[in-house]
Amino acid sequence: MKIALTLAFTSLSLLASTLTTQATEAGLKPIPTSKAALMKLIDDPKNKITDLKTELGKKLYFDPRLSKSGLISCNTCHNLSEGGDDGVSAAIGHKWAMNPHHLNSPTVYNAVFFDAQFWDGRAKDLEEQAQGPIQAHPEMAATKEHVEATVNSMPEYVTAFEKAYGKDVKIDFVKVTDTIGLFERTLVTPSAYDDYLNGKENALTTKQKEGLKTFINKGCATCHTGISLGQSMNAFNVTATYKYQDVGDFKGDANGMVKVPTLRNITQTAPYFHNGKVWSLKEAIIEMGRIQLGTEISDKEATSIEEFLKALDGRKPALALPMLPASTATTPQSDMN
């Protein structure tokens with residue numbers, strides 16, 4: 001009996017070891033367990049992460065007064081209370097207008113691990129990305145001048161910037177968006193999947209391990225790889241045309257490349273694809289097999305992969321809703337035009 005149990009335990013250990021090796025060879029990487037190792041990945045040498053900067057960035061992230069209407073904050077489209085997105089097909093912005101290209105809001109969670117930001121990869125990092133939606137008319141519709149006037153009108157913000165950056169800090173548009181981007185760098189969500197790849201063999205269920213193997217064997221890890229399971233630009237419609245390609249006019253960057261979205265917290269970020277036209281995760285898996293891999297993913301295989309993807313639901317940072325500074329007589333008034 002002891003021999004049988006020993007052989008069974010050895011067999012399970014070898015299976016786990018083989019699967020983690022297979023995952024590593026496929027380019028899958030876990031979020032590191034040590035804070036020092038994580039900081040090396042997420043910190044910006046030009047603007048080091050500190051508690052004071054992070055807290056200030058969080059307030060700016062939640063402050064709707066940075067928008068022209070005074071109603072829309074970064075959190076409106078990237079809701080940190082759920083998946084880090086807005087849960088609608090196309091982003092809704094200023095004057096309740098739908099994104100003119102019918103683009104879906106990507107999650108901000110784990111976005112720090114991407115090589116580039118936006119669906120077309122036009123921003124190199126989170127700090128540059130933060131400048132876009134604030135100024136885009138279909139989104140927050142503000143100007144640099146509006147943002148600078150708003151923040152500088154509130155003594156509490158001025159004091160917070162001085163404490164975070166020093167007395168000589170110039171509170172301009174770039175400094176504001178850099179601080180928002182810095183806060184977003186900290187929005188990392190390690191999961192059971194990371195625990196497993198970091199050596200905790202019982203972190204995944206048997207079905208999730210089977211799903212991980214299916215995920216790798218079907219070729220999903222070809223694009224959904226790295227720490228974020230989707231961090232680079234890649235060709236789209238490789239082997240067939242996405243069935244909702246005609247919804248919106250988005251065609252990728254100048255070379256037709258599209259940012260591969262992260263699969264982390266994917267169960268919380270429906271609807272899927274760049275134009276948000278697929279609401280079922282299983283349907284999205286099958287469609288990706290058809291248009292990107294040129295293979296048929298069966299219902300059984302899709303169910304298996306979906307079970308693995310549940311293991312990517314991460315532990316979100318504990319966030320207390322920030323209390324924002326009071327407006328003053330010089331704070332720009334809201335404008336719905």
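Out of curiosity, is E162 buried (at least 22 other Cβ atoms within 10 Å of the Cβ) and under 30 Å from S67 (Cα atoms)? Break it down into steps so the answer makes sense when it comes.
Details: buried (at least 22 other Cβ atoms within 10 Å of the Cβ): no; under 30 Å from S67 (Cα atoms): yes.
Judged against the criteria, E162 is not a match.
Within the range 181-229, work out how many residues are of a type outside the set (F, W, Y) and more than 30 Å from N75 (Cβ to Cβ).
Our first condition is that a residue be of a type outside the set (F, W, Y); within the range 181-229, this holds for 181-182, 184-192, 194-195, 197-214, 216-229.
From what's left, more than 30 Å from N75 (Cβ to Cβ): 197-214, 216-222.
Final tally of qualifying residues: 25.
For the range 157-215, name all the residues that are β-branched (V, I, T), in contact with a Cys (Cβ under 9 Å, 6 or more places away or on another chain) and closer than 19 Å to D125 by Cβ. Break it down stepwise before answering.
Of the residues in the range 157-215, the ones β-branched (V, I, T) are 158-159, 169, 171, 174, 176-177, 179-180, 186, 188-189, 205-206, 214.
Filter once more, so that each one left must be in contact with a Cys (Cβ under 9 Å, 6 or more places away or on another chain): 180, 214.
Of everything in the range 157-215, just one residue is β-branched (V, I, T), in contact with a Cys (Cβ under 9 Å, 6 or more places away or on another chain) and closer than 19 Å to D125 by Cβ, namely I180.
Can you pull out the residues in the range 162-198 that are over 25 Å from the mean Cα position of the chain (by Cα) and not in a helix (DSSP H, G or I)? Lay out the reasoning, then the answer.
Keep residues of the range 162-198 that are over 25 Å from the mean Cα position of the chain (by Cα), which gives 162-172.
Within the range 162-198, G166, K167, D168, V169, K170, I171, D172 meet the criteria.
Hey, does the range 213-235 have a residue that's surrounded by fewer than 18 Cβ atoms within 10 Å (Cβ to Cβ), more than 22 Å from the chain's Cα centre (by Cα), polar (S, T, N, Q) and within 30 Å of G256 (Cβ to Cβ)?
Looking through the range 213-235, at least one residue is surrounded by fewer than 18 Cβ atoms within 10 Å (Cβ to Cβ), more than 22 Å from the chain's Cα centre (by Cα), polar (S, T, N, Q) and within 30 Å of G256 (Cβ to Cβ).
What number goes with the only condition from (1) modelled with pLDDT under 95; (2) under 28 Å from A326 (Cβ atoms) that E82 does not pass?
Failing condition for E82: (2).
Quickly run through the range 24-42 and pick out the residues that are part of a loop (DSSP other than H, G, I, E, B) and closer than 21 Å to S232 by Cβ.
Result: A26, G27, K29, P30, I31, P32.
From the list P271, P261, P317, which residue is touching a residue at least 24 places away in the same chain (Cβ under 8 Å), surrounded by fewer than 19 Cβ atoms within 10 Å (Cβ to Cβ) and assigned by TED's automatic domain parsing to the domain that holds Q208?
Values: P261 fails: surrounded by fewer than 19 Cβ atoms within 10 Å (Cβ to Cβ); P317 fails: assigned by TED's automatic domain parsing to the domain that holds Q208.
Only one candidate qualifies: P271.
Would you say I297 is on the phi < 0 side of the Ramachandran plot, in contact (Cβ under 8 Å) with a residue 24 or more places away in the chain, in contact with a Gly (Cβ under 8 Å, 6 or more places away or on another chain) and of a type outside the set (G, A, S)?
On the way: on the phi < 0 side of the Ramachandran plot: yes; in contact (Cβ under 8 Å) with a residue 24 or more places away in the chain: yes; in contact with a Gly (Cβ under 8 Å, 6 or more places away or on another chain): yes; of a type outside the set (G, A, S): yes.
So I297 passes the test.
List every residue pair whose Cβ atoms sit under 7 Å apart, with the two residues 6 or more apart in sequence or on different chains, where the first one lies in the range 131-150 and is of a type in the set (S, T, Y) and the second, anywhere, is modelled with pLDDT of 95 or more.
T143/Q135; T150/R65; T150/L66; T150/T331; T150/P332
Inspect the range 113-133 for any residue being aliphatic (A, V, I, L, M), in the same structural domain as N47 (by TED's automatic domain parsing), closer than 27 Å to V188 by Cβ and touching a His at 6+ places or on another chain (Cβ under 9 Å) and give the result as yes or no.
Of the residues in the range 113-133, the ones aliphatic (A, V, I, L, M) are 116, 123, 126, 130.
Within this subset, residues satisfying the condition of being in the same structural domain as N47 (by TED's automatic domain parsing) are 116, 123, 126, 130.
If we keep only those that are closer than 27 Å to V188 by Cβ as well, we get 116, 123, 126, 130.
In the following step, the residues that additionally are touching a His at 6+ places or on another chain (Cβ under 9 Å) were identified as none.
No, every residue in the range 113-133 fails to be aliphatic (A, V, I, L, M), in the same structural domain as N47 (by TED's automatic domain parsing), closer than 27 Å to V188 by Cβ and touching a His at 6+ places or on another chain (Cβ under 9 Å).
Among the residues that make up the range 315-330, is at least one of them modelled with pLDDT of 95 or more and closer than 30 Å to K213 by Cβ?
So far as the range 315-330 goes, yes, one or more of its residues are modelled with pLDDT of 95 or more and closer than 30 Å to K213 by Cβ.
Looking at K170, K200, which is the one that is free of Cβ contacts under 8 Å to residues at least 60 places away in the same chain and either in the same structural domain as I134 (by TED's automatic domain parsing) or aromatic (F, W, Y) (or both)?
Details: K200 fails: either in the same structural domain as I134 (by TED's automatic domain parsing) or aromatic (F, W, Y) (or both).
The match here is K170.
The values are calculated or read from the model by the stated rules, or taken from the named source; none is laboratory data. Given the structure is predicted, the values throughout are model-derived calculations rather than measurements. Reconstructed Cβ throughout: ideal geometry from the backbone, glycine too, with neighbour counts over all protein chains shown.
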